[in-house]
Amino acid sequence: MSTSAASAATAVTTTYTVTGMTCGHCVSSVTAEIGKVAGVTGVQVDLATGRVTVASDRVLDDAAVTAAVGEAGYEVVAPATEAPAEGASCCGSCN
């Protein structure tokens with residue numbers, strides 16, 4: 001397997017919901033701080049929804065991402081991937 005194929009196989013994408021962002025400067029601050037977290041390879045922020053999608057080469061420590069967002073002056077509500085998909089409901093056996 002080539003290096004790029006191995007990297008693609010280990011790529012992880014995690015989506016977080018961040019509150020308090022209101023402008024492009026907010027987006028830049030959050031992007032820059034999350035970009036400093038070990039393993040992060042990309043950050044995409046959707047200002048309208050507050051969703052922050054983080055690409056990484058490993059499973060991220062949610063506490064590190066939360067701390068980075070806090071350093072930028074905002075708050076992570078929760079990793080968005082922990083909630084059931086829109087329109088889905090949890091049966092309660094997911095633990």
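A quick yes/no check of all residues on (1) in contact (Cβ under 8 Å) with a residue 24 or more places away in the chain; (2) among the hydroxyl-bearing types (Ser, Thr, Tyr); (3) touching an Asp or Glu at 6+ places or on another chain (Cβ under 7 Å):
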| position | (1), (2), (3) |
| --- | --- |
| GLY20 | yes, no, yes |
| HIS25 | no, no, no |
| LEU47 | yes, no, no |
| ALA72 | yes, no, yes |
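Scan region 11-37 residue by residue and report those that are open to solvent by less than 50 Å² (accessible area, probe 1.4 Å) and among the aliphatic types (A, V, I, L, M).
VAL12, VAL18, MET21, VAL27, VAL30, ILE34, VAL37
Filter region 32-51 down to the residues that are in a loop (DSSP other than H, G, I, E, B) and charged (D, E, K, R) and list them by number.
LYS36
Considering only residues that are surrounded by fewer than 19 Cβ atoms within 10 Å (Cβ to Cβ) and more than 14 Å from ALA32 (Cα to Cα), which ones fall in region 56-65?
Correct list: ASP57, ARG58, VAL59, ASP61, ASP62, ALA63.
Being in contact with a helix residue (DSSP H, G or I) (Cβ under 8 Å, 6 or more places away or on another chain), within 17 Å of VAL77 (Cβ to Cβ) and among the β-branched types (Val, Ile, Thr) is the filter here, so list the residues in region 9-37 that pass it.
Answer for region 9-37, where residues must be in contact with a helix residue (DSSP H, G or I) (Cβ under 8 Å, 6 or more places away or on another chain), within 17 Å of VAL77 (Cβ to Cβ) and among the β-branched types (Val, Ile, Thr): THR14, THR15, THR17, VAL18, VAL30, ILE34.
Go through region 38-55 and give me each residue that's open to solvent by 20 Å² or more (accessible area, probe 1.4 Å) and either under 12 Å from THR14 (Cβ atoms) or touching a helix residue (DSSP H, G or I) at 6+ places or on another chain (Cβ under 8 Å) (or both).
The answer is ALA38, VAL40, THR41, GLY42, VAL43, GLN44, VAL45, LEU47, ARG51, THR53, ALA55.
The values are calculated or read from the model by the stated rules, or taken from the named source; none is laboratory data. Since this is a predicted model, take the numbers as computed values, not measurements. Methodologically, a virtual Cβ is constructed for each residue, glycine included, from the backbone with ideal geometry; neighbour enumeration extends over all protein chains shown. Keep in mind that these areas ignore ligands, DNA and RNA; they rest on the heavy atoms of the full protein, side chains included. Shrake-Rupley method; radii C 1.70, N 1.55, O 1.52, S 1.80 Å.
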